[in-house]
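The values are calculated or read from the model by the stated rules, or taken from the named source; none is laboratory data. Owing to the predicted nature of the structure, the values given are computational and were not obtained by experimental measurement. No Cβ is skipped: glycine too gets one built from the backbone with ideal geometry, and neighbour counts run over all protein chains shown.
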Amino acid sequence: MGALATSGLRYDAVDALRGLAMVWMTVFHFCFDLSHFGFWPQNFRVDPFWTTQRTFIVSLFLFCAGLGQAIALHQAQGWLRFGRRWMQIAGCALLVTAGSFAMFPQSFIYFGVLHGMAVMLLIARCTAGWGRWLWLAGLVAVALPPLAQYLLVGSGAELAPWLNGRALNWLGLVSHKPFTEDYVPVLPWLGVMWWGLALGQWMLVRRSALLRWPLPGVCRPLAALGRWSLSYYMLHQPVMIGGLMAVAWWVGRL
């Protein structure tokens with residue numbers, strides 16, 4: 001799901017890191033699907049074992065997206081190529097909304113990871129010139145949601161209903177998480193992408209050899225997967241859900 005270019009110099013280490021996120025996400029989603037179909041009931045909304053994993057997976061995706069933007073800008077990739085990739089991500093986000101509405105009409109995904117990434121990539125692209133200030137901006141972005149929650153819950157401010165409503169909760173300044181299957185608001189997650197962008201810029205100038213480090217053979221499949229991350233992301237759940245639906249139908253006939 002990154003924004004790394006599909007032409008020019010590839011950085012296998014970044015692709016492999018994204019591929020690792022894809023594998024981890026697949027395992028997580030498979031467990032979620034098992035729970036959804038009643039094969040292995042789990043509470044994915046509140047159990048720290050699952051919520052912590054989700055946090056790490058989303059963080060890894062967005063951090064890689066920041067690294068990818070640093071590489072794209074370093075390779076002087078213009079707005080036209082960025083726009084084509086952005087349109088793919090935004091289009092897939094709309095498909096996710098439609099598909100989730102069909103399956104979870106009460107908790108469909110209206111601002112999940114692809115929706116958030118589309119917005120955050122635009123912001124990252126426009127703020128890439130901040131340089132080292134991106135580190136501080138990321139810290140502020142990560143700190144704002146808990147601060148807003150403390151102020152809204154503690155003071156009972158009139159702003160709470162507005163910020164919790166669907167029209168504005170995509171910002172992330174909410175006092176409670178909305179009821180939806182995937183929720184990746186701009187804050188705090190923009191901070192993670194900014195940190196990936198900042199680290200990528202720093203490494204490309206001072207430690208570029210680390211990004212070009214040859215991968216061991218065992219890691220090359222991860223790099224290949226990372227290069228097709230958006231396509232894989234869109235296909236993996238329909239395939240797994242379809243397979244489990246077939247299993248559930250077969251078990252029901254026994």
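Quick look at the numbers
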item: Which numbered condition M245 fails, given (1) farther than 23 Å from R54 by Cβ; (2) among the hydrophobic types (A, V, I, L, M, F, W, C); (3) at pLDDT 90 or above; (4) crowded, with 19+ Cβ neighbours inside 10 Å; result: (4)
item: Single match in W202, W194 (criterion: of a type in the set (A, V, I, L, M, F, W, C), assigned to a helix (DSSP H, G or I) and either touching a Lys or Arg at 6+ places or on another chain (Cβ under 6 Å) or under 30 Å from G99 (Cα atoms) (or both)); result: W194
item: Qualifying residue in the stretch 96-105 (condition: over 25 Å from W202 (Cα atoms), aliphatic (A, V, I, L, M), exposed (fewer than 14 other Cβ atoms within 10 Å of the Cβ) and modelled with pLDDT of 95 or more); result: yes
item: Residue under evaluation A141, criteria (1) assigned to a loop (DSSP other than H, G, I, E, B); (2) at pLDDT 85 or above, criterion not met; result: (1)
item: Pairs with Cβ under 6 Å, 6+ apart, first in the stretch 37-60 and without any contact (Cβ under 8 Å) to a residue 24 or more places away in the chain, second in a helix (DSSP H, G or I); result: W40/L34; P41/S35; Q42/S35; F44/F32; F44/W50
item: Flag if Q106 is touching a residue at least 12 places away in the same chain (Cβ under 8 Å), in a loop (DSSP other than H, G, I, E, B) and either more than 22 Å from G191 (Cβ to Cβ) or of a type outside the set (A, V, I, L, M) (or both); result: yes
item: Some residue of the stretch 2-11 being surrounded by 18 or more Cβ atoms within 10 Å (Cβ to Cβ), in contact with a helix residue (DSSP H, G or I) (Cβ under 9 Å, 6 or more places away or on another chain) and either within 27 Å of F179 (Cα to Cα) or acidic (D, E) (or both); result: yes
item: Selection status of G217, of a type outside the set (D, E, K, R) and either touching a strand residue (DSSP E or B) at 6+ places or on another chain (Cβ under 6 Å) or closer than 23 Å to R85 by Cα (or both); result: no
item: Residues of the stretch 12-32 that turn out to be modelled with pLDDT under 95, within 22 Å of L235 (Cα to Cα) and either surrounded by fewer than 14 Cβ atoms within 10 Å (Cβ to Cβ) or over 18 Å from the mean Cα position of the chain (by Cα) (or both), as a count; result: 0
item: Odd one out for R84, checked against (1) assigned to a helix (DSSP H, G or I); (2) surrounded by 15 or more Cβ atoms within 10 Å (Cβ to Cβ); result: (2)
item: Residue count for the stretch 239-254, restricted to those that are of a type outside the set (V, I, T) and touching a residue at least 24 places away in the same chain (Cβ under 8 Å); result: 4
item: Test: residue in the stretch 225-233 that is among the charged types (D, E, K, R) and without any contact (Cβ under 8 Å) to a residue 24 or more places away in the chain; result: no
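Yes/no matrix, rows are residues, columns are (1) under 18 Å from the mean Cα position of the chain (by Cα); (2) crowded, with 17+ Cβ neighbours inside 10 Å; (3) on the phi > 0 side of the Ramachandran plot; (4) not small (G, A, S):
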| residue | (1), (2), (3), (4) |
| --- | --- |
| N169 | yes, yes, no, yes |
| M193 | yes, yes, no, yes |
| G196 | yes, yes, no, no |
| L204 | no, yes, no, yes |
| L211 | no, yes, no, yes |
| A224 | no, no, no, no |
| I241 | no, yes, no, yes |
